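Working notes, beginning with the structure itself.
All of the numbers you see were taken from the coordinates with simple rules; none came from a lab. All of these numbers come straight from a predicted model, not from anything done at the bench. A quick note on method: Cβ atoms are made from the backbone with ideal geometry, for glycine too, and the neighbour counts reach across all protein chains shown.
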């Protein structure tokens, strides 16, 4: 979660109906669908705010004089960069939603390529105008709130909106997926089934969805506070995972998140303890 030290922001929205925009950069649209998945609650929200721009839902109004802007997706093209620079100036609060906007997401895997990537993907790479790296929005401009997840949930969005419309940030989420498993009475898949799981180092927010189906956590909600990645990686090794497999566990959905990037990179070329 990011924040702002501008006291003028932390007061009720100045417009009779707060002006909201939802934007897409390089992404799959999954986090925008969290808005649409609200159903009747989205209709109720539309009566309380003015949704100025939200291409996924229809409105394409001008991106000016905005109270809250939600951004999905990573900075991957010059157009992404220019849009973010412009909308930051026009938005009272800027909120990034999802792994792509908060850490670079799946697109950031190309940052780890050892050589030119585009020629192996496109027959005419010279017509593709990409930035050198795929990066989170906060690498370019100040962000007031980061909502992690792949995708985020409708509950996260509603909680953020309720708080921001009153000029406050929502409470920070600090619990790990392991704690969520304990609350829900889910047996630890790593202890009982020897399944590698990122739950010990990942923020909760998904309701421990994967462990509830006897699957290991994929780290969708990003690194938790003070993640002990090195001991977990050694545990993965004890479960029989080869170093490249351990690296892939960390260098996946949130590969550009510093804690996961550091640990994954340590295992890419072999066991760092040998």
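Quick notes on this structure:
- Helical content of the chain, expressed as a calculated mean residue ellipticity at 222 nm, amounts to -9000 deg cm²/dmol (DSSP H runs of 4 or more residues, -39,500 (n - 2.57) each, divided by residue number, nearest 500).
- Using a cutoff of 8 angstrom between alpha carbon atoms and counting only pairs six or more residues apart, the relative contact order for segment 7-165 works out to 28 percent.
- Once C-alpha pairs closer than 8 Å and six or more residues apart are averaged by separation and normalised to the residue number of segment 77-213, the relative contact order reads 24 percent.
- Once Rg and the Kirkwood radius are both taken over the C-alpha atoms of the chain, their ratio Rg/Rh works out to 1.00.
- When you count the other C-beta atoms within 10 angstrom of each residue and take the mean per peptide, 167-177, 184-194 line up highest first as 167-177, 184-194.
- Computed over the chain: relative contact order in percent, which uses C-alpha pairs under 8 Å that are six or more apart: 18
- Every Cα-Cα pair in segment 183-274 was counted, and those over 14 Å apart are 61% of them.
- Cα long-axis angle, helix 258-268 against the chain (0 to 90 degrees, to the nearest 10): 30
- Ranked by the mean number of other Cβ atoms within 10 Å per residue, highest first, peptides 120-129, 34-43, 71-80 order as 71-80, 34-43, 120-129.
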